[in-house]
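What follows is a single structure, written as structure tokens, with notes after it.
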């Protein structure tokens, strides 16, 4: 099962004692403000002295926070100017923390569409390779995940976990470590995405049956070592997820 990340989002300084803030808290707070647009590209981050007043943590920690955000491409330091927020084009969107903070802010249409496009570019190829390379043990893992989806059709969180495990298992079976790393990097975003798609799917028995059938089609093609069929089936599953979330947004609207 892919690693889950629990995002710790601190409250505002007035609601927290200075001792309760740490490196991860401050980085998450500033990173989330950058991602949300509250700190626009080109704007200056508070100085170390200003952040000390805001968060009450040591200046050593605050400098490390700045270095952390810089390593993620979110800020850059300039002499006599200070630390500036970078344009989103420079952000490391596949960084696990960046994705976690982004998911914490909410999975809006634009972000879901970007994630779907990325999945469509990678996962069908992984499914085709899985059909070519999978071992009996890896096939068993895929089928176990499929069975877990069937067993948890009335439990949305567990159904989403099983759905994620299915996609992770396909990535492993591809025998391409880069594809497996892709799944590992985006597991937090994919978890949020699948939680939304399965929430729609499990509201209606017909949706669940269709969702399970699409995954079963992927598994069957991989088991039969039919690369072309595995690619098509994965494309259909991902596209259906896009349609599910689009339908959910329309109903909420």
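A convex hull fitted around the alpha carbon atoms of the stretch 58-129 yields 129 Å³ per residue.
In the stretch 17-97, one over the average inverse separation of all distinct C-alpha pairs is 12.7 Å, which is the Kirkwood hydrodynamic radius. For the pair residue 235 and residue 67, a Förster radius of 35 Å applied to the C-beta separation gives a FRET efficiency near 0.30, rounded to the nearest 0.05. The Cα trace of the stretch 107-252 gives Rg and Dmax of 13.9, 43 Å, the first to one decimal, the second as a whole number. Summarising the label geometry, the points placed 7 Å from Cα in the beta-carbon direction at residue 178 and residue 89 lie 2.4 nm from one another.
The distance between label points at residue 154 and residue 133 comes to 4.0 nm (points 7 Å beyond Cα on the Cα→Cβ vector). Between residue 114 and residue 209, the simple spin-label model (points 7 angstrom out along Cα→Cβ) gives 3.8 nm.
Values quoted throughout were computed directly from the atomic coordinates according to the rules given, and no laboratory measurement underlies them. Keep in mind it's a predicted model, so treat the numbers as computed, not measured. Here the Cβ is made from the backbone with ideal geometry for all residues, glycine too, and neighbour counts use every protein chain on show.
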